[in-house]
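Below: one structure, written as C-alpha cells.
The values are calculated or read from the model by the stated rules, or taken from the named source; none is laboratory data. Note that the structure is a prediction, hence the values are computed from the model and not measured. Note that each Cβ is placed from the backbone with ideal geometry, even for glycine, and that neighbours are counted across all protein chains shown.
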Amino acid sequence: MTATDDSRTTSAEFPQAAISHAMNYGAEAMRALTDCQGRYASFVSKRIKEDMAMPARLAECKSPMEVIDVWADFYRTAMEQYADHARSMTQLGQQALEDTVREAEVEAAEIAEATGAAIEKATGIKAVADNKTRAA
C-alpha cells in the first residue's frame, strides 16, 4: 500500500465516524421521544378518566356547596397533575440535553484527535490545540 492509498483509507474513516456519531444521536433522540410520547399518553389517559368521572361525582352532590367542593377538588387535582407532568417532562428534556452535550463533547474530542492524526499523516504537519500548525 502506498502512502497515498493509506491516507485515503484514513480520510475515508472520517465521514464514516461522523455518520456513526450522527446515527447514535438519532437513535438516542428517538428513544427519548418515544419515552416522552409514552409518558404524555399515560398522562392524557389518566386525565380523560378523571374528566369522564366528573358527571357521576356531580350527580351524587346533595347541595350547591357539595358541587362547589367537587369542582374545586377537580380543578385543584387537575392543576397539580398538569404541573407535575410539565415538571417531569422538563426534567426529562433537560437530562436528555445534558447527556447529549456530554456525549457530543467526548465525540468531538475523539473526532478532532482522529482528524489531527490524519492531517499529520497525510501532510506531515502536526495540528496543535490552538489551531496553529507546525512542521512535524
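So which residues in region 24-47 are at pLDDT 90 or above and farther than 22 Å from R87 by Cβ, if there are any at all?
none
Please enumerate the residues belonging to region 99-110 that are more than 14 Å from A29 (Cβ to Cβ) and either acidic (D, E) or surrounded by 14 or more Cβ atoms within 10 Å (Cβ to Cβ) (or both).
Scanning region 99-110 gives E105, E107, E110.
May I ask you to list pairs of residues, at least six apart or on different chains, whose Cβ atoms are under 9 Å apart, with the first in region 25-42 being more than 18 Å from E98 (Cα to Cα) and the second being of a type outside the set (A, V, I, L, M, F, W, C) and assigned to a helix (DSSP H, G or I)?
Here the result reads R39/H85; R39/S88; Y40/H85, each pair linking region 25-42 to a residue that is of a type outside the set (A, V, I, L, M, F, W, C) and assigned to a helix (DSSP H, G or I).
Just name the residue that is farthest from the chain's Cα centre (by Cα) out of those in region 46-80 that are exposed (fewer than 10 other Cβ atoms within 10 Å of the Cβ) and among the small types (G, A, S).
Checked region 46-80; the qualifying residue farthest from the chain's Cα centre (by Cα) is S63.
Among the residues of region 83-93, is there at least one that is under 30 Å from I111 (Cβ atoms) and surrounded by 11 or more Cβ atoms within 10 Å (Cβ to Cβ)?
Among the residues of region 83-93, at least one is under 30 Å from I111 (Cβ atoms) and surrounded by 11 or more Cβ atoms within 10 Å (Cβ to Cβ), which makes the answer yes.
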